[in-house]
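To keep things clear, I will list the structure first and then write my remarks on it.
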Amino acid sequence: MRAYAIKRILQAIPILMLVSLISFGIMQLVPGDPASLLAGPNATPAELEQVRINLGLDKPFLTQLFIFYGNLLKGDLGHSLLLGKPVTEAVFERSPVSISIALYSLVLTVIFGLAIGVLAAIRHNTWVDQIATSFALIGVSLPNFWLGLVMIVVFSVHLGLLPTGGYVPFTRDPMGWLVAATMPAVSLALMQIGLLARLTRSTMLEVLSQDYIRTARAKGLSEIRVIAKHALANVMIPVVTVLGMILSVLMSGSVIVETVFAIPGIGSLLGNAILGRDYPMIQGGLLFVAAVLLTLNIVVDLLYAYLDPRVRVR
Amino acid sequence: MSQTPLLSLRNLRTMFTGENGEVVAVDNVSFDVNAGEIVGVVGESGSGKSVTALSIMGLLPKTGARISGGEILFRGRDLLKLSSREMRGLRGREIGMIFQEPMSSLNPVFPIGDQIVETIIAHERIGHRAASARAADLLNRVGISSPARRMLDYPHQLSGGMRQRVMIAIALACSPKLLLADEPTTALDVTIQAQLLDLLRDIQDETGMAIVLITHNMGVIAECADRVVVMYAGRVAEEAPVDRIFDAPNHPYTVGLLGSTPDITRDERRLWTIPGSLPRIEAPPSGCRFAPRCQLAIADCERGQPQAVQIGAAHWAACLRTQDASSLGRKT
């Protein structure tokens with residue numbers, strides 16, 4: 001198990017190198033001259049030259065690459081052009097916001113997705129199953145920004161229960177965080193709940209028809225134990241595999257939801273950077289998001305190996 | 001017979017819901033199993049052997065199958081009248097079962113030791129440590145060496161024969177009175193088959209439990225069974241002590257079954273087979289179900305289900321032409 005973990009972590013290094021190379025490439029691949037784009041149409045040649053020197057674009061390609069990696073190893077991702085502060089600082093300010101909301105949605109997804117899927121499977125072909133499958137279909141079909149807007153109208157405007165937007169850090173006020181993060185988390189989670197419920201239902205139905213479930217019943221175990229132990233442990237294997245993908249979607253899908261709910265997360269940071277052509281910010285932000293996703297995927301893979309003894313041998 | 005049998009099936013009828021209405025998978029099946037006896041249930045695939053076993057265990061699929069009549073008396077109690085809770089207490093404790101597919105019958109994600117221990121804990125007030133010790137003993141008993149270490153193994157680390165031994169250990173965990181063995185050796189290769197049958201017989205000798213051994217293999221029957229129930233198309237064709245089945249079969253189907261068993265002492269180039277195949281369960285013949293394939297069939301055979309005729313001590317055959325069938329048996 002430990003060897004497997006070390007192997008998985010070592011495998012992440014080349015991927016991270018590749019991602020950083022791509023994010024470095026952004027600066028090189030900008031159509032036209034990034035310096036003139038940044039300096040604006042009215043810049044004098046002298047100003048243009050100054051921008052180039054600031055960005056290091058006057059140096060040869062390989063030198064630039066070398067400097068880029070050198071800075072990366074020092075944890076220096078450059079300076080944001082729009083915000084006027086280091087990219088790392090901006091990223092570390094904003095990322096807890098997005099990550100906490102993504103994790104909140106993940107918790108909702110796992111709890112409700114699993115519960116609905118399991119319930120539908122053990123009450124296969126009954127009204128419970130039909131309601132659950134319809135709900136899952138609705139969840140899958142609703143776009144999250146639309147859901148966010150509708151929730152704002154219902155819960156904030158009409159009922160006045162929850163704020164229309166904004167964010168309170170968890171460390172400052174956990175209840176305030178919960179109030180502010182609930183609608184964004186729910187609107188992010190609903191589609192994933194639908195997807196997970198469908199996956200859980202079909203996997204559970206398949207698992208319940210397996211011989212080892214019949215064995216568990218033949219041993220005289222209670223039906224709860226048969227489902228909650230013997231069936232669920234096997235259902236979790238494919239579920240955990242898709243959890244990695246769901247997390248990526250929750251992280252990247254937050255751009256739209258953060259805009260709808262006016263949340264200062266990494267999504268809106270990156271969105272604004274792209275609109276404002278803040279290249280160092282885009283570079284740094286991408287690299288950070290990639291690193292987070294990579295880490296989460298390693299965690300998922302290790303969890304997968306933990307759940308399925310047949311994987312550990314490899 | 002003075003003693004009351006351990007298990008007694010009385011006119012058991014199990015139905016399945018097919019695409020065109022209900023079909024009868026087990027039709028009017030009656031036989032007894034006495035304490036300490038090995039009863040072989042033999043018949044080809046689709047004859048209702050497994051369905052009979054699952055009916056006894058109460059493990060028929062929840063939708064699409066039901067028991068529509070008869071009684072299953074186990075130690076005098078009708079299992080069909082028990083609540084699902086009472087039935088659960090019985091399964092694994094008083095009636096154990098092993099299945100045909102050792103490769104898929106164990107849960108792949110739990111260590112085998114855990115799968116034995118949980119059976120014991122489900123039925124007895126016993127600490128985890130004591131249950132573990134008993135599980136190790138059981139593994140040792142079924143011929144798995146260094147059981148303490150093996151208990152931590154996962155099913156994929158064991159061979160098919162080893163897994164079936166683990167299944168036997170699970171079935172024996174609470175010293176059941178009755179073991180239902182549904183084709184326990186069919187999926188295994190021949191040497192392992194013989195070892196496992198020896199094991200089952202040894203355990204039966206030691207514990208005195210009764211075994212219902214379901215198989216399609218006449219060799220297995222000859223080796224293990226005390227009494228034999230021959231099933232055909234959901235009905236009992238013949239029931240007799242094992243030596244009578246082999247020496248004096250009285251049902252043409254039994255004769256055919258014996259004739260189509262390979263035998264190296266006979267000098268034949270081709271294996272004899274029973275012509276035709278099992279009748280379709282949706283549209284069984286109106287009379288004797290074997291009539292369309294029977295070389296002795298007469299017009300009366302199509303007219304109604306033949307009643308079981310007593311031929312000798314504990315020997316019955318459901319056939320109108322038992323006399324001729326027995327002479328047929330001597331010919332082959």
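Need one value for A:201-214: mean number of C-beta atoms belonging to other chains within 10 Å of its residues' C-beta atoms.
Per-residue shielding by partner chains comes out at 3.
For chain B, what is the convex hull volume of its Cα atoms per residue in Å³?
Expressed per residue, the convex hull around the Cα atoms of chain B is 150 Å³.
Quick one: if you take sqrt(5λ) for each eigenvalue of the C-alpha gyration tensor of the stretch A:24-113, what semi-axes come out, biggest first, whole angstrom?
Equivalent-ellipsoid dimensions as semi-axes: 35, 16, 13 Å.
Kindly express, to the nearest 10 degrees and within the range 0 to 90, the angle between helix A:61-73's C-alpha long axis and the longest C-alpha principal axis of chain A.
Between helix and principal axis, roughly 50 degrees.
Taking Cα atoms of the protein assembly as shown, Rg/Rh with Kirkwood Rh, to two decimals?
1.16
Select from the stretch A:50-135 those trypsin sites (Lys or Arg not before Pro) which occupy a DSSP coil region and have at most 16 other Cβ atoms within 10 Å, ordered by residue number.
Here the trypsin sites (Lys or Arg not before Pro) that fit, given the DSSP loop and packing criteria, are A:74, A:123.
From the P(r) of chain A, could you give the percentage of C-alpha pairs in the tail past 25 Å?
Of the Cα pairs, 61 percent sit more than 25 Å apart.
Other chains' Cβ within 10 Å of A:217-230 residues: what's the mean?
6
Using only DSSP helix segments of four residues or longer, with each worth -39500 (n - 2.57), what per-residue ellipticity at 222 nm results for chain A after dividing by its residue count and rounding to 500?
Computed ellipticity for chain A at 222 nm equals -24500 deg cm²/dmol.
What does the charge count around residue A:220 come to, taking other residues whose C-beta lies under 12 Å from its C-beta (Lys +1, Arg +1, Asp -1, Glu -1)?
Once positives and negatives cancel, what remains is +2.
Report the dimensions of the stretch B:1-102 along its three principal axes from the alpha-carbon atoms, largest first, rounded to Å.
44, 32, 31
Along the charge dipole of the stretch B:144-200, which of B:154, B:164, B:178 sits closest to the positive end, that is, farthest toward it, with unit charges on the beta carbon of Lys, Arg, Asp and Glu (+1, +1, -1, -1)?
Going by the Cα projections, it comes out as B:154.
Could you run the Karplus curve 6.51 cos²θ - 1.76 cosθ + 1.60 with θ = phi - 60° over the stretch B:96-104 and give me ³J(HN,Hα) per residue in whole Hz, x for Gly and Pro?
In residue order, the calculated couplings are x, 9, 10, 10, 6, 9, x, 5, 10 Hz.
Using Cα centres only, tell me the gap between the stretch A:157-197 and the stretch A:31-85 in whole Å.
After rounding, the separation between the Cα centres reads 39 Å.
Considering only DSSP states other than H, G, I, E and B, which trypsin sites (Lys or Arg not before Pro) in the stretch B:103-169 qualify as loop sites with at most 13 other Cβ atoms within 10 Å?
B:125
With r defined as the distance between the Cβ atoms of residue A:245 and residue A:211 and R0 fixed at 30 Å, what FRET efficiency is calculated, to the nearest 0.05?
Given R0 = 30 Å and the Cβ-Cβ separation, E is 0.50.
Could you tell me which residue out of A:265, A:82, A:37 lies farthest along the dipole of the protein assembly as shown toward its positive end? Charges go on the beta carbon: Lys and Arg +1, Asp and Glu -1, centred on the Cα centre.
A:265
What percent does the relative contact order of the stretch A:1-134 come to when contacts are Cα pairs within less than 8 Å and at least six residues apart?
RCO, the stretch A:1-134: 8 percent.
Report the normalised scattering of the stretch B:239-332 as log10 I(q)/I(0) at q = 0.10 Å⁻¹, calculated by the Debye formula with identical scatterers on the alpha carbons.
For the stretch B:239-332 at q = 0.10 Å⁻¹, log10 I(q)/I(0) is -0.28.
Shielding by partners for B:87-99, please: the mean number of other protein chain Cβ atoms within 10 Å of each residue's Cβ.
Mean partner shielding for this stretch: 3.
How high is the relative contact order of the stretch B:183-267, in percent, with contacts defined as C-alpha pairs under 8 Å that are six or more residues apart?
Computed over the stretch B:183-267, the figure is 19 percent.
By average Cβ neighbour count within 10 Å, what is the ranking of A:289-299, B:5-15 from highest down?
Ranking the peptides A:289-299, B:5-15 by packing returns B:5-15, A:289-299.
Quick one: which of A:7/A:229; A:229/B:81; A:7/A:85; B:81/B:177 span more than 26 angstrom between C-alpha atoms?
The pairs that break the limit, which is 26 Å between Cα atoms, are A:7/A:229; A:229/B:81; A:7/A:85.
Could you give the nm distance between label points at residue B:272 and residue A:157, where each point is 7 Å from its Cα heading toward the beta carbon?
8.9 nm
For chain B, what relative contact order do you get, as a whole percent, if you take Cα pairs closer than 8 Å and at least 6 residues apart?
Worked out over chain B, it gives 20 percent.
Near the amide H of residue B:153, under 5 Å away, which other amide H atoms are found, from residues 5 or more places off or on another chain, if H is placed in the peptide plane?
HN-HN under 5 Å from residue B:153: B:112, B:113.
Restricting to DSSP loop positions (anything but H, G, I, E, B) with no more than 16 other Cβ atoms inside 10 Å of their own Cβ, which trypsin sites (Lys or Arg not before Pro) remain in the stretch A:131-216?
A:172
Just so you know, all these numbers are worked out from the coordinates, no wet-lab data involved. What you see is a predicted model; the values in this text were computed from it and never measured. Note that each Cβ is placed from the backbone with ideal geometry, even for glycine, and that neighbours are counted across all protein chains shown.
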